[in-house]
Amino acid sequence: MPAYIEKIFFIGNAWLWSRGIKIVLILVATIIVNHISLAAITKVVRSLVVADRYLSVESETKRENTLIRVFGGVLKVTIWSAAAMMILTEFGIAIGPLLTAAGIVGVAVGFGSQYLIRDLISGLFIILENQYRVGDVIKIDETSGVVEDISLRATVLRDLDGTAHYIANGEIKKASNMSKDYARVNLNIGVAYNTDLEKVIKVINDVGVDMAEDPDWCDAIEEAPRFIRVEDFADSAVIIKILGRTQPLKQWDVTGELRKRIKIAFDKAGIEIPFPQRVVHNTNK
């Protein structure tokens, strides 16, 4: 065997037993640290995330899994980036210039990605604070709809017309959740001024109790709709305020059924629901 080949084999064996073993150890250590870190993150998230008694077990698990995936992904990139730098060092590559170049590129990219970073941070807080979740009905600015998807970057709303609205999380200043924990029946009904209010109150409360005890509606109603107060004196009617409490997303169905039942009950009791009227006086006689 030629002398230069023997020299190459000698150098290769020396590098393998010194540098090569270190690289293998770095890879093994990285895999172990990554596995332990993911397990630790999973345990911390499961224990620290405050449970929501209004959420199903499946919904709570999905929320926790989302947080674990986000934190785990960030930590994984960090760990493997550090391992890559250590391996490059073992190959004799100076990482100082690489870090300098990466810093310059990072500054340039940072100016262009500041909005993306803002979206990601806002999305993280939305998930952490459980402000809303998939299936909730929310209003963002003037856009209302069902939350169809949530990511760290954007929220997707589907309105009643079927239109999907993509809203960057960083642009959300105010989000109103109309299906968080519970909902309310909030109904105003007008009755004629000559109506016996005590009779009206009894009819409304009876309708609310009957509906709350109805097997078809009892699961949707938490507190029976009832008379609260005289809300206002309008031009043609006395306005009555009715409130009740329902399961999330059930307030519209319950309110619609309540309107129907009150109208039927008023008709039977002879209670008039007035409409605006105008009297015209003819002075040319």
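With respect to the stated conditions, Ala212 is free of Cβ contacts under 8 Å to residues at least 60 places away in the same chain, touching a Pro at 6+ places or on another chain (Cβ under 8 Å), surrounded by 14 or more Cβ atoms within 10 Å (Cβ to Cβ) and within 12 Å of Leu258 (Cβ to Cβ).
Conditions (1) assigned to a helix (DSSP H, G or I); (2) within 33 Å of the chain's Cα centre (by Cα); (3) of a type in the set (Asp, Glu), marked per residue:
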position: Val146; (1), (2), (3): no, yes, no
position: Val156; (1), (2), (3): no, yes, no
position: Ile167; (1), (2), (3): no, yes, no
position: Val185; (1), (2), (3): no, yes, no
position: Asn188; (1), (2), (3): no, yes, no
position: Asn194; (1), (2), (3): no, no, no
position: Glu198; (1), (2), (3): yes, no, yes
position: Ile201; (1), (2), (3): yes, no, no
position: Asn205; (1), (2), (3): yes, no, no
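Ile93 meets the conditions (1) farther than 30 Å from Tyr132 by Cβ; (2) at pLDDT 60 or above; (3) part of a helix (DSSP H, G or I); (4) not charged (D, E, K, R) in every case but one. The failed one is (3).
Every listed requirement among (1) part of a strand (DSSP E or B); (2) more than 34 Å from the chain's Cα centre (by Cα); (3) at pLDDT 95 or above is met by Asp210 save one, (1). Applying the selection to region 137-150, what residues are surrounded by fewer than 14 Cβ atoms within 10 Å (Cβ to Cβ) and over 14 Å from Thr163 (Cβ atoms)? Asp141, Asp149 - these are the residues of region 137-150 that are surrounded by fewer than 14 Cβ atoms within 10 Å (Cβ to Cβ) and over 14 Å from Thr163 (Cβ atoms). Looking across region 28-81, the residues that are among the basic types (Lys, Arg) and either modelled with pLDDT of 80 or more or outside any helix (DSSP H, G or I) (or both) come down to Lys43, Arg53, Lys76.
The values are calculated or read from the model by the stated rules, or taken from the named source; none is laboratory data. The model shown is predicted, which means the values in this text are computed figures rather than measured ones. FYI the Cβ positions are ideal-geometry reconstructions off the backbone, even for glycines, and counts take in every protein chain you see.
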